[in-house]
Amino acid sequence: MKFSARLYEKLQPIWRKNHTHPFVTGMGDGTLDREKFRFYMVQDYLYLIDYAKLFAIGAVKSEDTKTMGKFAALLDSTLNEEMSLHRQYAKRFDISEEELEQAEPSPITLAYTHYMLHSAQNGTLAELVAALLPCMWSYWEIGKELSQIPGAAEHEFYGEWISMYSSEEFGELATWCIELLDDLAEGKSSKELKRLEEIFLNTTRYEYMFWDMAYHETMWPDEQVDE
Ligand SMILES: Cc1ncc(C[n+]2csc(CCO)c2C)c(N)n1
């Protein structure tokens with residue numbers, strides 16, 4: 001059994017929670033409160049800045065130039081393409097450049113990004129890839145599911161998000177990442193595989209927590225604006 005197939009079995013309960021979360025279903029049927037999406041966009045912008053750093057560390061830890069080139073290209077496309085979606089959304093949601101630049105990470109954003117950066121900086125390339133894969137894999141899965149809902153990909157607010165993450169390009173990226181992890185897992189001891197599984201499951205859980213954080217607009221207890 002491929003390592004990714006073993007992970008796929010383990011992630012099922014968490015993915016089911018993702019797909020039925022009101023933030024995700026609300027994007028699908030267009031009923032999601034715009035304020036919640038606005039909150040998500042700002043936090044996701046901060047998330048992507050740190051996520052992009054994982055690609056830079058991936059380039060440093062790569063053992064061949066092909067993998068290194070791919071990480072370098074991903075660093076470029078995250079900063080210049082995926083984040084441009086966020087900048088366009090920011091304009092539409094009246095989020096100024098200053099607000100984006102001065103935004104503070106929520107506790108979950110901070111915990112998730114720091115966990116990934118810790119795994120990337122202190123671990124092997126396989127550990128880095130195990131940390132970043134749930135982000136790509138779960139977004140592609142959600143994007144594909146939401147794009148099946150009639151009219152969802154044309155929705156005036158959430159349509160672009162759905163089109164972007166259900167695109168073939170994102171599918172290819174997720175597939176590349178899955179195959180890279182399978183290659184890197186080959187020949188690893190059962191102890192090392194357990195470690196990879198643990199990192200993968202933790203960031204899968206963080207993906208769910210990120211949706212929940214955005215839905216409830218959860219900030220630090222002393223900064224929380226009560227609903
Ligand atoms: C919390 C959160 N998780 C996953 C993604 C999706 N995502 C982030 S970077 C990347 C790949 C390269 O650009 C993908 C698919 C997101 N935006 N926010």
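Brief remarks follow.
- Phe39 being closer than 20 Å to Met164 by Cβ, of a type in the set (A, V, I, L, M, F, W, C) and away from the ligand (no atom under 12 Å from the Cβ): yes
- The range 69-90: number of residues that are of a type in the set (Gly, Ala, Ser) and either farther than 30 Å from Leu180 by Cα or open to solvent by 50 Å² or more (accessible area, probe 1.4 Å) (or both): 3
- Qualifying residue in the range 58-68 (condition: within 12 Å of the ligand (Cβ to nearest atom) and open to solvent by less than 60 Å² (accessible area, probe 1.4 Å)): yes
- Those residues of the range 161-201 which are open to solvent by 40 Å² or more (accessible area, probe 1.4 Å), of a type in the set (D, E, K, R) and closer than 23 Å to Leu117 by Cα, in sequence order: Glu179, Asp183, Lys188, Lys191, Glu192, Lys194, Arg195, Glu198
- Residue match in the range 122-129 (condition: under 25 Å from Gly58 (Cα atoms) and within 12 Å of the ligand (Cβ to nearest atom)): no
- Any hit, the range 91-107, residues being in a helix (DSSP H, G or I), out of contact with any Gly (no Cβ under 7 Å at 6 or more places or on another chain), open to solvent by 60 Å² or more (accessible area, probe 1.4 Å) and within 12 Å of the ligand (Cβ to nearest atom): no
- In the range 55-69, the residues that are in contact (Cβ under 8 Å) with a residue 12 or more places away in the chain reach residues that are open to solvent by 30 Å² or more (accessible area, probe 1.4 Å) and part of a helix (DSSP H, G or I) with C-beta atoms within less than 8 angstrom, at least six apart or across chains, in these pairs: Phe55/Ala72; Phe55/Leu75; Ala56/Leu75; Ile57/Gln121; Ala59/Met68; Ala59/Ala72; Ala59/Leu75; Ser62/Met68.
- Residue, nearest to Lys91 (Cα to Cα), within the range 124-160, restricted to residues that are open to solvent by 10 Å² or more (accessible area, probe 1.4 Å) and not in a helix (DSSP H, G or I): Phe157
The values are calculated or read from the model by the stated rules, or taken from the named source; none is laboratory data. The model shown is predicted, which means the values in this text are computed figures rather than measured ones. Because the Cβ atoms are built from the backbone with ideal geometry, glycine has one as well, and the counts that use them run over all protein chains shown. Heads up: the accessible areas ignore ligands, DNA and RNA and are worked out on the full protein's heavy atoms, side chains in. Shrake-Rupley method; radii C 1.70, N 1.55, O 1.52, S 1.80 Å.
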